[in-house]
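What follows is calculated from the coordinates using simple rules that are stated; it is not laboratory data. In this text, all values refer to a predicted model and were calculated from it rather than measured experimentally. Neighbour counts are summed over all protein chains in view; Cβ atoms, including those assigned to glycine, are modelled from backbone coordinates with ideal geometry.
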Amino acid sequence: MSKLIVTGGQRLAGRVRAGGRKNSALAILPATLLSDGPSVIENLPDIQDVQVYFDILRSLGVRVETRPANGGEAPRGVIDPSGLVWRVPSDELAKRLRASYYLLGVLLARYGRAEVPFPGGCDIGSRPIDQHIKGFTALGAKVTVEHGVIKAEARRLVGAPVYLDVVSVGATINIMLAATRAEGTTVIENAAKEPHVVDLANYLNAAGAQVKGAGTDIIKITGVTGLKGVTHSLIPDEIEAATYMIAAAATCGDVIVENVIPKHLEAVSAKLQETGTTVEENGDALRVVGNGRPRPVTVKTLPYPGFPTDAQQQMTAFLSVASGTSIISETIFEGRFKHVDELKRMGTNITVEGRTAIVQGVEKLTGAAVRATDLRAGAALVIAGLMARGETEISEIEHIDRGYERAVEKLKSIGASLERVP
Ligand code: UD1
């Protein structure tokens, strides 16, 4: 168990590069098992969740070779599924992240049956999987849950219409994966429109699948009998970029975040501008200049293209020093305010009522011993620590390592003062 010691008061300045998108990697790595040949995945984020996924793939007989980050080049992985065997992934590995449940769609498509222990991931709400089950059932599978293991079985998987009752990224992706090798056409209505859904569709189509409409709320997948391995480069991680953008604003800094697709960050850029922060677009980079205490704003998390729930906690930290009261509504995950209790130790004035946080801005934060309760809570506490007077000691930073590549190194390169200690 390591801790982070953050010394506040430094103004961030310089250039920082966003890595490949975590949530694309965690959808496309399992998707490589739908192919018969090896795929090369480029621009992989150098994060713990990707390493855990590699361990899961290896435990299923898949050969995984990686080239670590080398100078300016991002890591890449060669995933060869030719040795894939049907197996139940271990409970220990499956519980270490949310995206282990994509093996349900993949193994169901390849073998007509799949058994995967209940997934883990951030503790931010109840996170049901009924929409995944609804989709698999529509395609002809029988799905049961026994002894903590989700079991899906189908003699034939046949394409069908699926209407999602809630916009779910996970269910959209899982149904896409299963439908890719089903007979006939599946139509997902009320599908998630996140750019990583499009990234997955681009990988699948390059491999020979027939997926149309990704990025809209109706996705049509016509099943094919097999896919080939291909080379695919992941899109940039918009949440990592958003975190550095908010950190720049929070420290009155001047930071250029490189390797971004500005369109994917429009909701975050617009909200930062409302707070009085300057955000300038320049090709695949965004320059963020903080201009003192933020103006209070209203934030409501929504599916893409709305404000991302994955950036809500970082924004809450920033707004805790606003010159008035901000209202933050979390409409996606009911339990995503665990960071607030930790922020209170640093002198914030935040009240949570149900799914709403009322953030009364205070003039200053003071460093304290706090705990990263989940991935983005950890990021929020780092931002609070950068703004605070004195030292902030953040424990349980393994959560941060799950989703941020070389966070300490990157933050230091733009002037932050922080150390990882055992
Ligand atoms: C994914 C992302 C996560 C992000 C979230 C929303 C991955 C690995 N994780 O999580 O970082 O915060 O999208 O952008 O990509 N729901 C149901 N039934 C279901 C499935 C979901 O009711 O069967 C609900 C959830 O409780 C939640 C909402 O739908 O309220 C959205 O969840 P979903 O989009 O599925 O999130 P994840 O895929 O778990």
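Some values worked out for this structure:
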read-out: Projected-area average for the chain over all orientations - Cα convex hull basis, square nanometres; value: 18.0 nm²
read-out: Long pairs among LYS212/LYS338; LYS228/LYS271; LYS212/LYS263; LYS263/LYS412; LYS263/LYS344; LYS3/LYS151, criterion Cα-Cα beyond 30 Å; value: LYS212/LYS338; LYS228/LYS271; LYS263/LYS344; LYS3/LYS151
read-out: Net charge of neighbours whose Cβ lies under 12 Å from the Cβ of VAL145, counting Lys and Arg as +1 and Asp and Glu as -1; value: -1
read-out: Relative contact order of segment 22-233, defined on C-alpha pairs under 8 angstrom at six or more residues apart (%); value: 21 percent
read-out: Average Cα contact separation per residue, the chain, under 8 Å, 6 or more apart, as relative contact order %; value: 21 percent
read-out: Using θ = phi - 60° and Karplus 6.51 cos²θ - 1.76 cosθ + 1.60, couplings along segment 243-252 (whole Hz; Gly, Pro as x); value: 5, 5, 4, 5, 4, 4, 4, 5, 9, 6
read-out: Local net charge near GLU330, Cβ-Cβ under 10 Å (Lys/Arg +1, Asp/Glu -1); value: +2
read-out: Amide H contacts under 5 Å for GLU183, placed H, 5+ residues apart; value: LEU157, VAL158, GLY159
read-out: Span from the segment 300-314 Cα centroid across to the segment 2-24 one, whole angstrom; value: 19 Å
read-out: Ranked by how many other beta carbons lie within 10 Å on average, peptides 248-256, 370-378 from highest; value: 370-378, 248-256
read-out: Members of LYS22/LYS95; LYS22/LYS300; LYS142/LYS300 lying beyond 27 Å, as alpha-carbon distances in this model show; value: LYS142/LYS300
read-out: Considering only segment 22-233, percent of DSSP beta bridges that pair antiparallel, nearest 5; value: 75 percent
read-out: Which of ILE173, ILE239 has the fewest Cβ neighbours within 10 Å, and the rest in rising order; value: ILE239, ILE173
read-out: Footprinting exposure proxy for HIS264, HIS339 (fewest neighbouring C-beta atoms within 10 Å first); value: HIS264, HIS339
read-out: Förster radius 35 Å - calculated FRET efficiency between THR225 and GLU334, Cβ distance, rounded to 0.05; value: 0.25
read-out: Bridge type composition, the chain - antiparallel percent by DSSP, nearest 5; value: 70 percent
read-out: Residues VAL321, VAL85 arranged by fewest to most Cβ contacts within 10 Å; value: VAL85, VAL321
read-out: Formal net charge of residues neighbouring ASP374 (Cβ-Cβ distance under 15 Å; K, R +1; D, E -1); value: 0
read-out: The chain - mean residue ellipticity at 222 nm from DSSP helices (-39,500 (n - 2.57) per run, n ≥ 4, rounded to 500); value: -9000 deg cm²/dmol
